[in-house]
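The values are calculated or read from the model by the stated rules, or taken from the named source; none is laboratory data. Keep in mind that this is a model prediction, so the values were computed, not measured. Using ideal geometry, Cβ is built from the backbone for each residue, glycine included, and neighbour counts are taken over all protein chains shown.
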Amino acid sequence: MKIGDKIKGKVVVIADYGAFVEIAPGVEGLIHVSEMSWSQHLRTAQDFLKVGQEVEAVILTLDREERKMSMGIKQLIPDPWANIKEKYPLKSKHTATVRNFTNFGIFVELEEGVDGLIHISDLSWSKKIKHPAEFTKTGEKIDVMVLDIDVDNRRLSLGHKQLEENPWDVFETVFSVGSVHSGTIVNMNDKGAIVALPYGVEGFAPLRHLTKEDGSHAKEEEILDFKVIEFSKDNKKIILSHSKVHQDSVGGEKRGEFDEKKKAKDSTKKTVKKLKDNLEKTTLGDIESLANLKSDMIKAEEKEKHARKEAAKETEHKEEVPKEDEPKEE
């Protein structure tokens with residue numbers, strides 16, 4: 001017998017750490033539990049062998065003086081990691097079995113000896129998962145995509161959400177900065193509120209952006225309009241403001257009034273300029289037309305003067321009204 005030889009024997013003793021196999025009268029060898037499977041899961045020898053069972057194994061070490069010999073069973077089948085990149089290439093899709101959980105992810109097995117980790121952040125594009133146990137159960141099947149291959153540590157990085165399109169690509173156009181959406185406040189804290197938006201998306205409204213038009217503060221379960229003030233696809237973050245909705249509305253009305261007055265003033269100036277241009281082109285023979293043009297020009301100038309006076313009065317009125325942040329004279 002020599003190292004590397006295949007031998008047959010019978011299991012005579014089993015312990016948690018391994019099984020003793022008799023290959024000839026008075027000659028025994030140990031098959032350690034770690035040499036029974038390519039899997040890295042912690043198991044006992046009883047999971048693989050039974051007393052009296054006939055087994056085939058490969059000699060791993062041989063010490064004739066100490067009369068010790070170690071053997072292995074897994075060496076009879078190919079190491080699944082020998083061609084791992086060909087069998088599980090990047091972006092390939094597979095079905096795995098959920099083995100156990102940690103706070104940061106799910107450990108799964110694709111086949112005996114091939115394990116992988118699905119990080120908690122790679123479970124869902126939109127659902128916020130506090131613990132992986134909320135998402136699946138031990139022993140269940142789960143579809144995965146290979147994201148990275150760590151040959152040295154014999155571990156695959158896997159993803160589940162990558163099997164679907166990223167909905168945040170669509171959300172980016174729906175919840176663009178400046179857009180307004182109806183939302184329900186589902187949770188309040190000292191920093192702000194979690195707001196449920198359409199399509200199962202959640203946003204966050206800071207406390208200072210929850211003031212309503214009447215000065216009161218928004219409350220939990222209220223349904224209000226919210227304006228998107230920040231959107232981050234990478235961080236899956238939508239920052240909202242209810243206050244901006246009514247503040248911008250008031251500002252828009254004021255801008256509208258200003259624009260109307262400006263348009264009227266510009267229109268008057270254009271009319272006067274047009275009349276003057278026409279007057280310069282009029283010949284001395286067009287007496288009647290000249291008179292009409294002069295009359296129209298005078299009316300237009302008077303209209304412009306009136307508009308200027310009204311604008312001046314409005315300015316004076318605003319200056320007379322004291323500002324809230326200025327102290328009044330006693």
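Yes/no matrix, rows are residues, columns are (1) in contact (Cβ under 8 Å) with a residue 12 or more places away in the chain; (2) under 30 Å from Val170 (Cβ atoms); (3) in contact with a Leu (Cβ under 9 Å, 6 or more places away or on another chain); (4) surrounded by 12 or more Cβ atoms within 10 Å (Cβ to Cβ):
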site: Met69; (1), (2), (3), (4): yes, no, yes, yes
site: Ala96; (1), (2), (3), (4): yes, yes, yes, yes
site: Glu111; (1), (2), (3), (4): yes, no, no, yes
site: Gly116; (1), (2), (3), (4): yes, yes, yes, yes
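Suppose the filter is out of contact with any Phe, Trp or Tyr (no Cβ under 8 Å at 6 or more places or on another chain), in contact (Cβ under 8 Å) with a residue 40 or more places away in the chain and not basic (Lys, Arg); does Thr102 pass it? In short, no. When the residues of segment 19-36 are filtered to those that are in a loop (DSSP other than H, G, I, E, B) and surrounded by fewer than 17 Cβ atoms within 10 Å (Cβ to Cβ), the one that is modelled with the lowest pLDDT is Gly26.
Scanning segment 226-250 for residues that are charged (D, E, K, R) and modelled with pLDDT of 90 or more returns Lys227, Glu230, Lys237, Lys244. Lys128 meets each of the listed conditions (1) assigned to a loop (DSSP other than H, G, I, E, B); (2) under 30 Å from Val228 (Cα atoms); (3) modelled with pLDDT of 90 or more apart from (3).
Taking the stated definitions as given, is Asp16 out of contact with any strand residue (DSSP E or B) (no Cβ under 9 Å at 6 or more places or on another chain) and either surrounded by 12 or more Cβ atoms within 10 Å (Cβ to Cβ) or touching a residue at least 60 places away in the same chain (Cβ under 8 Å) (or both)?
Details: out of contact with any strand residue (DSSP E or B) (no Cβ under 9 Å at 6 or more places or on another chain): yes; either surrounded by 12 or more Cβ atoms within 10 Å (Cβ to Cβ) or touching a residue at least 60 places away in the same chain (Cβ under 8 Å) (or both): no.
Against the criterion (out of contact with any strand residue (DSSP E or B) (no Cβ under 9 Å at 6 or more places or on another chain) and either surrounded by 12 or more Cβ atoms within 10 Å (Cβ to Cβ) or touching a residue at least 60 places away in the same chain (Cβ under 8 Å) (or both)), Asp16 does not qualify.
Gln46 falls short on exactly one of the conditions (1) surrounded by 13 or more Cβ atoms within 10 Å (Cβ to Cβ); (2) assigned to a loop (DSSP other than H, G, I, E, B), and that condition is (2).
Show the residue pairs that are 6+ apart or on different chains and have beta-carbon atoms under 7 Å apart, the first residue being within segment 121-140 and assigned by TED's automatic domain parsing to the domain that holds Leu158 and among the hydroxyl-bearing types (Ser, Thr, Tyr), the second being modelled with pLDDT under 90 and exposed (fewer than 12 other Cβ atoms within 10 Å of the Cβ). Partner pairs satisfying both residue conditions: Ser126/Gly200. Does segment 124-135 include one or more residues that are surrounded by fewer than 17 Cβ atoms within 10 Å (Cβ to Cβ), polar (S, T, N, Q), closer than 20 Å to Ser232 by Cβ and touching a Lys or Arg at 6+ places or on another chain (Cβ under 6 Å)? Checking segment 124-135: at least one residue is surrounded by fewer than 17 Cβ atoms within 10 Å (Cβ to Cβ), polar (S, T, N, Q), closer than 20 Å to Ser232 by Cβ and touching a Lys or Arg at 6+ places or on another chain (Cβ under 6 Å).
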